[in-house]
Structure formats: C-alpha cells, structure tokens
Amino acid sequence: MLELEGDTVAAVLVEPIVGSNGILVPPDEYLPRLKEIAHDHGALLICDEVMAGFGRTGEWFGCDVFDVEPDIMTMAKGLTGAYQPLGATIVTSEIAEHFEENMFCHGHTYAGHPAAVAAGNAAIDTYREENLIERASEVGEYLGERIEDLAEKHPSVGDTRGVGLFRGIELTKHPEKRVPFGTREDKISPGSTVVDEVSARAKEHGTYVANMINTLIIAPPLTITEDEIDEAIDAIDAALEVSDAAMDSVSTT
Ligand SMILES: Cc1ncc(COP(=O)(O)O)c(C=O)c1O
C-alpha cells in the first residue's frame with residue numbers, strides 16, 4: 001500500500017496486539033518491520049494502545065512487548081483504570097516540538113478536564129506503587145497455563161492466544177477444519193451464537209467473559225489473584241460444555 005500510495009500516506013495506525021477482533025498477537029518481527037517500512041516511506045507509526053496499554057500485556061504498553069517505540073500512541077481505558085473517561089494521544093518530542101511554532105487547531109468540550117486528568121495521574125501512581133505491570137506479567141503466565149488446561153480438556157477450544165492478562169480462546173466446531181461457531185455475519189444478525197451461549201453460561205457461574213465473534217476475550221483486572229483466576233477458569237470450564245455439546249451435533253458439517 002505504501003509503495004502504491006507513495007508519499008500521500010501520513011501514518012500507519014495499528015493495535016500492537018489486536019484486541020476486540022480476537023486477541024491477535026503478531027509475530028515478533030511484525031511491528032519492528034512495520035515501523036521500518038513506514039519510516040522508509042516517510043510515514044509515521046501510530047500505535048493504538050486503547051486496549052493493550054497500561055499493563056494489560058504485562059508491559060506498560062503493547063508496543064513494549066515488541067520493543068518498538070511508535071511516533072504516536074493513543075490511549076484510554078487503562079489510563080485511568082476506567083474510573084474516569086479519559087483518552088490521550090502521546091507524541092515523540094520531535095513531533096511535539098513542531099507544535100511549538102505551529103498551531104495545532106483541535107479541541108474537545110472536555111479536553112484536559114481536571115477530574116479525569118487527576119484520575120489518570122492517580123491510576124499511573126497506583127500502577128507504579130502496587131507494581132501492577134509486573135504483577136500482570138506474573139499472573140498472566142498463570143492465566144495462560146490455566147487456559148492451556150482448558151484447551152487440552154475441551155475439543156471445542158481451537159486456538160488460544162495472548163500475552164499477560166490479554167488472552168483469547170477461539171472456539172471451533174471442527175478442530176481440523178477450524179470451522180468457527182460465530183462469524184462476522186452472525187454478529188450483525190439477530191439471535192445468539194454458541195459463543196454467546198458459552199459467555200452466558202460462564203456468567204451463570206459467576207464469571208463475566210466478553211466474546212467477540214468467535215473468541216472469548218479474557219482480560220481480567222490487573223489486581224486479579226491466582227485463586228480468582230482458578231475460580232474464573234472453573235466457570236469457563238463449565239461453560240465450554242455448551243460448545244463441546246454443540247460440536248457433537250454439527251461436527252459433520
Ligand atoms: C483498540 C481500541 N481503539 C480505540 C477504541 C475507541 O476508543 P475511544 O472510545 O476512547 O475513542 C477502542 C474502544 O473500545 C478500542 O478497543
């Protein structure tokens with residue numbers, strides 16, 4: 001695309017680890033190469049850290065997993081631990097310096113709202129004081145191991161992916177053909193999919209599990225303990241019986 005579009009491209013914007021579309025972790029060389037290729041074409045690299053940022057991956061930011069410093073980062077959710085609505089865009093000094101002399105004409109009604117910004121500062125202090133980023137890395141390993149236990153036990157678990165406390169369990173009707181239980185079309189159609197039913201069953205067992213199309217999204221608070229992870233895994237374990245059973249009836253299709 002960059003070759004085709006030439007110098008009309010201002011920037012390439014990516015989530016370092018794709019969140020809602022299924023917790024997609026790229027190969028290690030992907031983000032460094034993307035930055036290199038973007039810069040070769042005079043384009044900036046923007047990392048969307050709205051989901052992956054602030055410890056979710058066990059690093060401060062998703063791009064840290066790949067040792068890449070983007071030119072611009074966007075952030076929200078974890079910036080205040082979601083206690084106040086706050087989003088921010090961070091740029092390198094080089095980009096910031098440009099605006100010492102050039103007007104950046106942009107505004108929001110509540111931009112820089114003191115209450116939200118105070119929550120942002122408090123959240124960042126708390127991440128540091130309670131070592132929540134390192135914690136996410138440690139308990140994240142444990143969560144990954146427990147998800148592998150589920151994968152071994154349940155035939156309807158297809159791929160499992162993730163880093164730290166940012167993990168996904170993909171469900172499949174057919175392990176060899178990797179037929180998904182839920183598709184993009186299902187998402188915009190009325191009615192519920194088997195994946196929705198799995199989430200609903202987990203909720204009955206006391207654990208809220210978001211799902212997106214065909215993936216259960218496992219992204220607990222960074223303060224979660226190993227005991228709480230076990231409790232959640234038990235609930236997901238019970239819920240996966242729903243997809244295992246649905247699989248038996250459809251596995252020939
Ligand atoms: C990765 C990602 N980027 C951007 C957004 C949108 O963020 P905002 O609502 O702060 O504009 C979301 C919202 O869920 C998101 O998950």
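Worth pointing out:
- Test: residue in the stretch 97-106 that is of a type outside the set (Phe, Trp, Tyr) and either touching a Pro at 6+ places or on another chain (Cβ under 6 Å) or open to solvent by less than 60 Å² (accessible area, probe 1.4 Å) (or both): no
- Once the stretch 14-34 is narrowed to residues that are touching a strand residue (DSSP E or B) at 6+ places or on another chain (Cβ under 7 Å) and without any contact (Cβ under 8 Å) to a residue 60 or more places away in the chain, the residue that is farthest from GLU170 (Cα to Cα) is LEU34.
- Taking every residue in the stretch 96-123 that is among the hydroxyl-bearing types (Ser, Thr, Tyr) and pairing it with any residue that is assigned to a helix (DSSP H, G or I), at least 6 positions away or on another chain, the pairs with Cβ-Cβ distances below 9 Å are TYR110/ALA116.
- Elements of type strands (runs of 3 or more DSSP E) in the stretch 129-240, at least 3 residues being assigned by TED's automatic domain parsing to the domain that holds GLY53, among the aliphatic types (A, V, I, L, M) and under 19 Å from MET51 (Cα atoms): none
- Selected residue (only one of SER93, SER137 is more than 23 Å from LYS77 (Cβ to Cβ), open to solvent by 30 Å² or more (accessible area, probe 1.4 Å) and of a type in the set (Ser, Thr, Tyr)): SER93
- Evaluation of ALA219 against (1) open to solvent by less than 20 Å² (accessible area, probe 1.4 Å); (2) closer than 18 Å to VAL18 by Cα (one fails), failing number: (1)
- Filter result (crowded, with 20+ Cβ neighbours inside 10 Å and not aliphatic (A, V, I, L, M)) within the stretch 159-176: GLY162, GLY164, PHE166, ARG167, GLY168, GLU170, THR172, LYS173
- All of (1) over 25 Å from VAL14 (Cβ atoms); (2) more than 20 Å from the chain's Cα centre (by Cα); (3) at pLDDT 95 or above hold for ALA96 with one exception: (1).
The values are calculated or read from the model by the stated rules, or taken from the named source; none is laboratory data. Fair warning: this is a prediction, and the values are worked out from it, not measured in the lab. No Cβ is skipped: glycine too gets one built from the backbone with ideal geometry, and neighbour counts run over all protein chains shown. Just so you know, the surface numbers come from the protein's heavy atoms only, side chains and all, with ligands and any DNA or RNA stripped out. Shrake-Rupley method; radii C 1.70, N 1.55, O 1.52, S 1.80 Å.
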